[in-house]
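Take a look at the structure below.
The values are calculated or read from the model by the stated rules, or taken from the named source; none is laboratory data. Only a predicted model underlies this, so the values are computations on that prediction, with no experimental measurement involved. So basically every Cβ, Gly included, is an ideal-geometry build from the backbone, and we count neighbours across all protein chains shown.
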Amino acid sequence: MTMDFNEYVTTNRDAIYKAIMSYMPLKDPVDHYRIVREYSERQGSYRRPGLLMLAGEMFSVPQSKLVLPAAAMQLSEDWILMHDDVEDNSELRRGKPALHKIYGSEIAINAGDAAHIIMWRMLKDYMDSEGKEIGGRLYDKFYDMLEYTVAGQYVENNFIFNVKSLSKASEELYFRIAAGKTCYYTVYGPMQLGAIVAGQSDGTLGVMKSIGEPAGIAFQIVDDILDMTADEKEFGKRRYGDLYEGKLTLIMLHAYNSASAQEKEKADGIYAKARGQKTAQEIEFLEGLASKYGSVDYARSVAEKYGAAARQAMDRYREIMPDNAYSETLLCAVESMYKRSK
């Protein structure tokens, strides 16, 4: 019987968490390190480190060799979120107030910097213990993945803070943002890292990308849908956060392109405002546009199309994947990226 991905993550969560905490002892100044640890202590979904470990175990790597790279993967998410929440002025993170809402932006950014530094220490230690052939390749892949992700974040931030108009957006721009900030980092990058620990070829890493890229697009679209529809407590973030932050989503792009000239003008006026300037009534107007033009259903249909492409890639490459319980769980895990409720 195939193990459920959530069950797999639960089984390995404690080992990953302990590895992270071992790199964050409470030392002087204690208050600083308590803040640095806070997002890690809240614990996220652990999807990314779960994918990394699954891919490694699929290729028969012992868990002991996967825990530290998985911990570095999770810590990368923790520090990125510290910075993202400041950039987006987010209110909630993992069901609690965002770090900058508690301590201020300067302290939150500094905490993110500290966690970032610790992540590279983890990877350096792994390289020292495993040698340059595998450790160095892992380090380089990690760097490439994060560099691409940060560049994708720039494209999104440029839209939010400089463009600020749906009239200047396109589906091509949306998919560029999704590819840059989601596909590599959230899906196929972690899988590739696990495969690298197993000493797999670049060809195998290419297979991971073929599967993970459409799954990542579907993941991002579903994330946009959940922002509009999910329960805040279950989702762990404020509802309509994307609308308040002025993010480009496939939902709002479809609604805008379907709208009347008067509706477009009003929508652009709202998008031109900073988060704190938007009123509840304006957000309600944007949500109403999406509802009027069936934009959530449109986005869901596109997500299903990319999900089907991911499934086709899985089937196409199944014969070159190891035939074991881990490969089945990994394929189910990729599917769960876009079939989720939180």
Completion exercise
When segment 36-51 is checked residue by residue, the ones that are under 25 Å from residue 25 (Cα atoms) and not basic (Lys, Arg) are 36, 38, 39, 40, 41, 43, 44, 45, 46, 49, 50
Fill in the blank from the handout: Pairs returned, first residue in segment 275-302 that is in contact (Cβ under 8 Å) with a residue 60 or more places away in the chain, second residue that is surrounded by 12 or more Cβ atoms within 10 Å (Cβ to Cβ) and of a type in the set (Phe, Trp, Tyr), beta-carbon separation under 8 angstrom, 6 or more apart or interchain, are 275/244
Practice task
Residue by residue through segment 108-148, note down the ones that are surrounded by 14 or more Cβ atoms within 10 Å (Cβ to Cβ), over 23 Å from residue 63 (Cβ atoms) and among the hydroxyl-bearing types (Ser, Thr, Tyr).
Solution key: 148
Completion exercise
Filtering segment 56-72 down to residues that are surrounded by 24 or more Cβ atoms within 10 Å (Cβ to Cβ) and either of a type in the set (S, T, N, Q) or out of contact with any Phe, Trp or Tyr (no Cβ under 8 Å at 6 or more places or on another chain) (or both) yields 56, 66, 70
Handout entry: helices (runs of 4 or more DSSP H) within segment 199-294 that include 2 or more residues surrounded by fewer than 18 Cβ atoms within 10 Å (Cβ to Cβ) and small (Gly, Ala, Ser)
Key = 202-229, 261-271, 280-292
Handout entry: Qualifying position, being in contact (Cβ under 8 Å) with a residue 40 or more places away in the chain and either closer than 29 Å to residue 89 by Cα or charged (D, E, K, R) (or both), among 271, 326, 306, 317
Key = 271
Practice task
May I ask you to list the residues in segment 235-286 that are at pLDDT 95 or above, among the aromatic types (Phe, Trp, Tyr) and over 23 Å from residue 155 (Cβ atoms)?
Solution key: 285
Handout entry: Qualifying positions in segment 45-64 - in contact with a helix residue (DSSP H, G or I) (Cβ under 6 Å, 6 or more places away or on another chain) and in contact (Cβ under 8 Å) with a residue 40 or more places away in the chain
Key = 48, 49, 50, 51, 52, 53, 54, 55, 56, 57, 58, 61
